[in-house]
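Engineer: Sending over a structure as structure tokens; questions will come in a sec.
The values are calculated or read from the model by the stated rules, or taken from the named source; none is laboratory data. Owing to the predicted nature of the structure, the values given are computational and were not obtained by experimental measurement. Note that each Cβ is placed from the backbone with ideal geometry, even for glycine, and that neighbours are counted across all protein chains shown. Ligands, DNA and RNA are stripped out before the accessible areas are found, and what is left, the full protein with its side chains, is counted by its heavy atoms. Shrake-Rupley method; radii C 1.70, N 1.55, O 1.52, S 1.80 Å.
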Amino acid sequence: MFSRREFLAGLAGAAMAPNLLQSKPVLAGTTDTFVLDAGETSLTLPGCQNPTTLWTYGNSWPAEIRVKRGETVNFLLRNHLKDHTAIHWHGLRIPNSMDGVPYVTQAPVKTGEEFLYTFAAPDPGTFFFHPHCNTVEALGRGLAGAIIVEDPREEGLFDLDRTLVVKDWRVAGDGTYLSFMTDRGAARAGTFGTRRSINGAAAPVIAAPPGARVRLRLLNVDVSRIMTLGATGAEVNIVATDGNACPPFAIEDWRLGPAMRVDLALVMPSKPGARVEIQDVWGQEPFLLARLVAQGAAKTADRRPLALPTAELPLPDLKSAETFSLSLQAGVSDPTLDAWLKENRFGDDALCRAGKLFWAINNKAWPAMDMDKRPPPLAELKPGRTYVAEIANHTQHPHPIHLHGHTFQVIASSRGPTRNHWADTVLVAPDERVKIAFVAGEPGDWMLHCHIIEHQETGMMGYVRVA
Ligand code: C2O
Ligand code: CU
């Protein structure tokens with residue numbers, strides 16, 4: 001076991017510093033430590049007259065951490081919140097003990113306690129982190145951050161690299177919160193925010209030199225919203241899906257569900273003052289996500305292709321693959337579970353769930369029993385073997401399905417030709433069947449759930465066991 005005391009002694013300098021994200025070398029070699037203070041910060045959200053109290057990592061929103069691929073880093077979570085918490089590193093293929101799922105991979109980190117995460121991020125890209133219990137409220141209050149894994153192979157490819165964290169807030173005009181969860185929303189498409197934001201504000205206006213090569217990292221950290229992307233003013237391509245490089249393709253009509261990310265690449269128009277806009281075109285009127293304005297001394301043409309170096313992920317071997325099915329269901333009632341819930345009226349918190357069940361996977365609502373009597377895994381997998389999961393959506397709502405600790409390939413859809421791409425979260429439309437393929441990774445129990453958080457917390461969650 002890691003010696004906490006020794007570590008903290010070494011960290012004294014950082015621990016005394018103000019409530020900020022910071023990187024301080026504390027051990028010899030390349031290990032850095034980021035101190036992540038989970039606490040409260042106030043911020044006036046777009047369209048509000050008063051500040052809202054957010055839950056944040058460090059005292060600004062959104063937190064952004066940049067690490068280098070393959071470099072071992074420490075993250076010291078210090079919990080100043082009234083709730084217990086933990087950090088799940090969404091999309092990172094790291095050991096199960098670092099996965100941050102309370103009651104499953106670690107004990108909850110109580111108020112005043114700390115937890116040290118140590119890992120080396122194996123893959124470059126745009127990822128994020130967030131808690132995994134009472135998430136409707138915690139994420140509703142903002143507890144999430146971006147983690148960017150840099151790759152030396154990408155150096156100098158872009159003149160500008162910006163992160164856009166998209167999130168809605170359930171707040172009234174006076175800045176106070178509305179209820180984070182409603183039965184109506186939880187049982188349907190999710191409860192939507194009342195104020196939209198990009199990096200906690202209205203859409204940013206970003207000045208960029210004419211001819212500049214721009215990379216935008218777009219993260220949807222909202223609990224419910226699904227966006228349809230579009231752009232005007234330049235050719236804008238998606239160059240990474242969920243952080244993983246892909247051959248560039250046009251942004252138009254790409255759907256970005258909760259937890260999904262894309263990296264966008266474009267060249268600024270050469271005319272000074274020209275604008276490029278990135279939009280969510282889902283609604284009647286396009287919603288502006290970012291505006292770039294060509295300004296300043298022009299960049300000379302750079303002829304290198306606007307693409308990222310190829311993703312280096314374990315390639316599924318489809319010939320030897322084993323298949324399993326995941327059936328997404330609504331309104332499943334499990335009589336054993338209902339009876340058990342009636343008998344055991346202990347806090348729902350002990351189960352990280354919201355106390356009502358609207359959804360299920362393979363006829364099992366999470367959790368069927370308490371944590372000692374967890375439901376059996378949705379599948380039992382062997383490390384290094386290829387699996388194809390067929391995810392069938394038997395409900396009337398789309399579900400962004402996320403598998404922890406693995407990056408999979410989306411290989412087929414019943415709706416027709418599919419763009420084969422890497423992902424950790426895949427949006428499955430009503431009545432659609434999607435096939436994903438992946439190589440089972442590190443041993444452990446890996447959660448699999450819908451990332452519409454109200455769905456996750458009302459049953460649509462399970463896990464696969466790699467052993
Ligand atoms: Cu981003 Cu289990 O979640
Ligand atoms: Cu869902």
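Engineer: In the stretch 110-122, what residues are buried (at least 21 other Cβ atoms within 10 Å of the Cβ) and more than 19 Å from Asp445 (Cβ to Cβ)?
Structural biologist: Ala121
Engineer: Filter the stretch 238-262 for residues that are touching a Leu at 6+ places or on another chain (Cβ under 7 Å) and under 16 Å from Leu306 (Cβ atoms) and give the result.
Structural biologist: Selection gives Ile238, Val239, Ala240, Ala245, Pro248, Ile251, Val262.
Engineer: Which condition from (1) at pLDDT 95 or above; (2) out of contact with any Gly (no Cβ under 8 Å at 6 or more places or on another chain); (3) open to solvent by less than 60 Å² (accessible area, probe 1.4 Å) is the one that Pro314 breaks?
Structural biologist: (2)
Engineer: So which pairs qualify, if the first residue must be in the stretch 446-463 and within 7 Å of ligand 2 (Cβ to nearest atom), the second must be of a type in the set (Ser, Thr, Tyr), the Cβ gap must be under 6 Å, and the two must be at least 6 apart or on different chains?
Structural biologist: As it stands, the answer is Ile452/Ser224, since those pairs meet every condition given.
Engineer: Same structure, new question: Looking for whichever is crowded, with 16+ Cβ neighbours inside 10 Å and either small (Gly, Ala, Ser) or over 24 Å from Phe192 (Cβ atoms) (or both) here; the options are Ala298, Ala250, Ala290. Which one fits?
Structural biologist: Checking each option against the conditions leaves just Ala290.
Engineer: Within the stretch 168-187, can one find any residue that is touching a helix residue (DSSP H, G or I) at 6+ places or on another chain (Cβ under 9 Å), open to solvent by less than 30 Å² (accessible area, probe 1.4 Å) and within 16 Å of ligand 1 (Cβ to nearest atom)?
Structural biologist: no
Engineer: So is Gly331 outside the structural domain of Pro46 (by TED's automatic domain parsing), surrounded by fewer than 19 Cβ atoms within 10 Å (Cβ to Cβ) and out of contact with any Ser or Thr (no Cβ under 7 Å at 6 or more places or on another chain) or not?
Structural biologist: yes
Engineer: Is it true that Lys110 is away from ligand 2 (no atom under 16 Å from the Cβ) and over 28 Å from Ile226 (Cβ atoms)?
Structural biologist: It is true that Lys110 is away from ligand 2 (no atom under 16 Å from the Cβ) and over 28 Å from Ile226 (Cβ atoms).
Engineer: Find the residue count for the stretch 203-213, including only residues that are open to solvent by less than 30 Å² (accessible area, probe 1.4 Å), aliphatic (A, V, I, L, M) and either farther than 30 Å from Val293 by Cβ or not in a loop (DSSP other than H, G, I, E, B) (or both).
Structural biologist: Adding up the residues that qualify gives 2.
Engineer: Okay, moving on. So which residues in the stretch 60-92 are buried (at least 17 other Cβ atoms within 10 Å of the Cβ) and out of contact with any strand residue (DSSP E or B) (no Cβ under 8 Å at 6 or more places or on another chain), if there are any at all?
Structural biologist: Of everything in the stretch 60-92, just one residue is buried (at least 17 other Cβ atoms within 10 Å of the Cβ) and out of contact with any strand residue (DSSP E or B) (no Cβ under 8 Å at 6 or more places or on another chain), namely Asp83.
Engineer: Pull out all pairs, ordered by first then second residue, where Cβ-Cβ is under 6 Å, the residues are six or more apart or on different chains, the first lies in the stretch 196-215 and is in the same structural domain as Val276 (by TED's automatic domain parsing) and on the phi > 0 side of the Ramachandran plot, and the second is β-branched (Val, Ile, Thr) and at pLDDT 95 or above.
Structural biologist: Short answer, once both residue conditions are applied: Asn199/Val165.
Engineer: Take the residues in the stretch 35-59 that are under 18 Å from Ala172 (Cα atoms) and outside any strand (DSSP E or B); name whichever of them is least open to solvent (accessible area, probe 1.4 Å).
Structural biologist: Looking at the filtered set, the residue picked out is Leu45.
Engineer: Then there's this: Test of understanding: among Ala368, Ala360, which residue is away from ligand 1 (no atom under 16 Å from the Cβ), modelled with pLDDT under 95, in contact with a Gly (Cβ under 6 Å, 6 or more places away or on another chain) and open to solvent by less than 30 Å² (accessible area, probe 1.4 Å)?
Structural biologist: Ala360
Engineer: Moving on. All but one of (1) in contact with a Phe, Trp or Tyr (Cβ under 6 Å, 6 or more places away or on another chain); (2) closer than 29 Å to Pro375 by Cα; (3) more than 16 Å from ligand 2 (Cβ to nearest atom) hold for Asn96; which doesn't?
Structural biologist: (1)
Each row is one residue, and each column tells you yes or no for (1) more than 16 Å from ligand 1 (Cβ to nearest atom); (2) buried (at least 20 other Cβ atoms within 10 Å of the Cβ).
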position: Pro376; (1), (2): yes, no
position: Ala379; (1), (2): yes, yes
position: Tyr387; (1), (2): yes, yes
position: His397; (1), (2): yes, no
position: Pro400; (1), (2): no, yes
position: His404; (1), (2): no, yes
position: Thr407; (1), (2): no, yes
position: His421; (1), (2): yes, yes
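Engineer: Being touching a Pro at 6+ places or on another chain (Cβ under 6 Å) and not assigned by TED's automatic domain parsing to the domain that holds Arg184 narrows it down to one residue among Ala440, Ala423; which is it?
Structural biologist: So the residue among Ala440, Ala423 that is touching a Pro at 6+ places or on another chain (Cβ under 6 Å) and not assigned by TED's automatic domain parsing to the domain that holds Arg184 is Ala440.
Engineer: Looking at (1) closer than 30 Å to His132 by Cα; (2) open to solvent by 20 Å² or more (accessible area, probe 1.4 Å), which is the only condition Gly200 fails?
Structural biologist: (2)
Engineer: What do you reckon, is Gln396 within 16 Å of ligand 2 (Cβ to nearest atom) and either farther than 17 Å from Ile361 by Cβ or not assigned by TED's automatic domain parsing to the domain that holds Thr126 (or both)?
Structural biologist: Here the answer is yes, as Gln396 does meet what is asked.
Engineer: I need a count of the residues in the stretch 439-456 that are within 11 Å of ligand 1 (Cβ to nearest atom) and open to solvent by 10 Å² or more (accessible area, probe 1.4 Å).
Structural biologist: Of the residues in that region, 0 qualify.
Engineer: Which ones in the stretch 184-210 are closer than 12 Å to Trp169 by Cα, touching a strand residue (DSSP E or B) at 6+ places or on another chain (Cβ under 7 Å) and β-branched (Val, Ile, Thr)?
Structural biologist: Thr194, Ile198
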